[in-house]
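Here the structure comes first, spelled out in structure tokens, and everything after it is commentary.
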Amino acid sequence: MAQGDQGSFRLLVDAYWQKVYGHTLAYTKSLATAEELTQDVFTNIWINRAKMSSVESFTNYLFIITRNHVLKAIRNKLEETVTVEELPLEEAIWQPDRQLEYRELYASVLEGIAELPPMRRRVFTMSRIEGMSYEQICKELGLSRNTVKEHIVKALNFLRNYIPLHNDCLLCINCIMVTVFFS
Amino acid sequence: MPTEELQKLLDEYVMGNISATHRQRLRDLLQDPAMVAQAELILQQDLETGRFDAEYLAPVHSRLHQHLDALMKNSSGAATPVGRIYFLPKRMWAAAAAVFLLITGAAYFWVQHGEKKTSIVAPISVSLAHDILPGKQGAILKLSDGRQVVLDSMGNGLIAKQNGARIMLKGGQVMYDPTGKIAGTTVYNTMSTPRGRQFQLILPDGSRVWLNATSSITYPTGFTGTRREVSITGEAYFEVAHLSSKDGARVPFIVNINNQTSVEVLGTHFDVSSYKDEGTINTTLLEGLVKVIKGPEAVMLSPGQQAQVNNMLSGGAAGKIKVLKNTDIDKVMAWRNGLFNFDGVRLEEVMKQLSRWYDIEVVYEKGVPNIEFVGKMSKNVNLSDLLNGLKGIGVHFRIENGRRLVVLP
């Protein structure tokens, strides 16, 4: 790789991009930002490929670059706005056209949830639909906290990709429902 | 152990239901370099266990390769900037284009430095990701039970119900929709803007209020009785609706300012500026009629006039209310029109306004340079572009630690 072999670089990208993308999407919560950061990480590696010969473990090197980009993005996001604490979902008083958008979005979310693998679907449903705490879910299903975390994050990542594909509603990104899920 | 807390906060953050207070706590924790180092380890662990690995998504994969192929073709070791390939739903392109147009307007700056008059056109360029952005719409609404709702990124709809009103957010402003029934004691809400934010509000009687940065207004959720009373800090512009009681008498609207002075109106448009770091509390009348009251003293204002009361909070001595005729209304209202109007304003005052809008700290290395400005410019400009303009007219400065501006002699 240090010799500037493009083929090797492509193989590395293929081997690791899902790790980087999944990680960045989990923490930045935005499809565009996650893609941008993933591109940045690999761009960084290509530009500095001369350094690769002195690097012992490629994965370690990759992880360090990735976590630094992600942490910077997290801190920026924390600086911006604070999420809304509590939002009542009272459909009845919304304008009729917003009600329709809301219903369609909600339907998409439910469809997305239905496409999750069984255990993931259960964990996510318990958390977001039934409002159970993570401790309760761990206890009920006999799972570790990290496993529950993995299920929730992977479900969120999945829905972030699924919903825009199945729902044309741009404003819905700001929709109350989505912020409850994705804050 | 602090790391356990950090882990828990990061977990809540990544799982998408971190509370506002915890989010603030996480933000504060990450100011500490030791905590940042811990966070790096936690993130690294996530990567090592592969718990967040994404499943295969062909479009993302192919865009990534397109970007990198272009990079590899261009490079010969040197870092060449490569165009990004974005995934943006079609409609977002329209929004992005609109924003781009807004910030590529030109800003005009005329400065009178000593005896010379220089006129400068400061072209605005698209900024870097780490530039300091100008302020924007946003506020914090505090309900009577202490709950706080942040209004920056909410979609439209119902925010909350308070005694006698439904609080709606629509098109960037908050509206109190009276439901007619007010039970028991009056309930108060407070809307406040931090640095770098401004917002607008429609009170239960239909009166409109615009809040500038670092300001607040406290008001009842329903107006009953023979008076309408609110209190403010900072700066607000009012368009007060006429209101008559059942027997035909007009119901006055009273604005209480820092418990030092108050403004009484019947129906009118006026601006109150009462920042703690300013020497006077200024009430400027645009149309209608107001009475400015300070203790036993009261003064009636006609449109175009401004009443000035010494600001006790900034160390001013008590004194009479001063009335200025023929105020520069344009200057007073510039903030609401998205502009800075620095006509005849000295550097120190200019810096105060900039620090509120951009949320920066301004310090003077060796006294305040003797510079007076002439002219106006857009508020929706990134700080770096604005500072380039200042450099051009002879103000020297240095930026430290991200948000600290040191003005050099």
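The values are calculated or read from the model by the stated rules, or taken from the named source; none is laboratory data. Keep in mind the model is a prediction, meaning the values are calculated, not measured. Cβ atoms come from the backbone with ideal geometry, glycine included; neighbour counts cover every protein chain shown.
Laid out as a table, the results:
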| item | result |
| --- | --- |
| Strands (runs of 3 or more DSSP E) completely within the stretch B:150-212 that count 1 or more residues being surrounded by fewer than 22 Cβ atoms within 10 Å (Cβ to Cβ), within 12 Å of chain A (Cβ to nearest Cβ) and modelled with pLDDT under 85 | B:157-162, B:165-170, B:173-178 |
| Output for the stretch B:391-401, where each listed residue is of a type in the set (A, V, I, L, M, F, W, C) and at pLDDT 75 or above | B:Val395, B:Phe397, B:Ile399 |
| Any chance B:Asp271 is modelled with pLDDT of 80 or more, of a type in the set (Asp, Glu) and surrounded by 15 or more Cβ atoms within 10 Å (Cβ to Cβ) | yes |
| Of residues in the stretch B:36-52 being assigned to a helix (DSSP H, G or I) and among the small types (Gly, Ala, Ser), the one nearest to the other protein chains (Cβ to nearest Cβ) | B:Ala39 |
| Of all residues in the stretch B:65-93 being at pLDDT 85 or above and more than 16 Å from A:Ile47 (Cβ to Cβ), the one that is surrounded by the most Cβ atoms within 10 Å (Cβ to Cβ) | B:His65 |
| The stretch B:344-362: number of residues that are out of contact with any Phe, Trp or Tyr (no Cβ under 8 Å at 6 or more places or on another chain) and among the polar types (S, T, N, Q) | 1 |
| Those residues of the stretch A:138-149 which are surrounded by 13 or more Cβ atoms within 10 Å (Cβ to Cβ) and under 21 Å from the mean Cα position of the chain (by Cα), in sequence order | A:Arg145, A:Asn146, A:Thr147, A:Val148, A:Lys149 |
| Scan of the stretch B:1-29 for residues that are facing chain A (nearest Cβ under 7 Å) and surrounded by fewer than 16 Cβ atoms within 10 Å (Cβ to Cβ), ordered by number | B:Ser19, B:Gln24 |
| Residues located in the stretch B:213-231, provided they are buried (at least 22 other Cβ atoms within 10 Å of the Cβ) and within 21 Å of B:Asp277 (Cβ to Cβ) | B:Ala213, B:Thr214, B:Ser215, B:Ile217 |
| Subset of the stretch B:53-64 [part of a helix (DSSP H, G or I) and either buried (at least 16 other Cβ atoms within 10 Å of the Cβ) or facing chain A (nearest Cβ under 7 Å) (or both)] | B:Val60, B:His61, B:Arg63, B:Leu64 |
| Whichever residue in the stretch A:10-41 is of a type in the set (A, V, I, L, M, F, W, C), at the interface with chain B (Cβ under 9 Å from one of its Cβ atoms) and closer than 15 Å to B:His61 by Cβ and, among such residues, is nearest to the chain's Cα centre (by Cα) | A:Leu25 |
| Test: residue in the stretch A:53-74 that is at the interface with another protein chain (Cβ under 7 Å from one of its Cβ atoms), under 21 Å from B:Leu10 (Cβ atoms) and modelled with pLDDT under 75 | no |
| Selection within the stretch B:381-409 - crowded, with 18+ Cβ neighbours inside 10 Å and touching a residue at least 40 places away in the same chain (Cβ under 8 Å) | B:Val381, B:Asn382, B:Leu383, B:Asp385, B:Leu386, B:Gly389, B:Ile393, B:Val395, B:Leu405, B:Val407 |
| Residue within the stretch B:321-330 that is touching a residue at least 24 places away in the same chain (Cβ under 8 Å) and more than 24 Å from B:Glu239 (Cα to Cα) present | no |
| Of all residues in the stretch A:42-52 being within 7 Å of another protein chain (Cβ to nearest Cβ) and of a type outside the set (Ser, Thr, Tyr), the one that is surrounded by the fewest Cβ atoms within 10 Å (Cβ to Cβ) | A:Ile47 |
| Strands (runs of 3 or more DSSP E) wholly inside the stretch B:261-378 containing at least 2 residues that are over 26 Å from the mean Cα position of the chain (by Cα) and over 28 Å from B:Gly138 (Cβ atoms) | B:290-294, B:297-301, B:322-324 |
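Residue-by-condition table, conditions (1) in contact with a Leu (Cβ under 9 Å, 6 or more places away or on another chain); (2) surrounded by 14 or more Cβ atoms within 10 Å (Cβ to Cβ):
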position: B:Gln31; (1), (2): no, no
position: B:Met35; (1), (2): yes, yes
position: B:Ala39; (1), (2): yes, yes
position: B:Gln45; (1), (2): no, yes
position: B:Arg51; (1), (2): no, yes
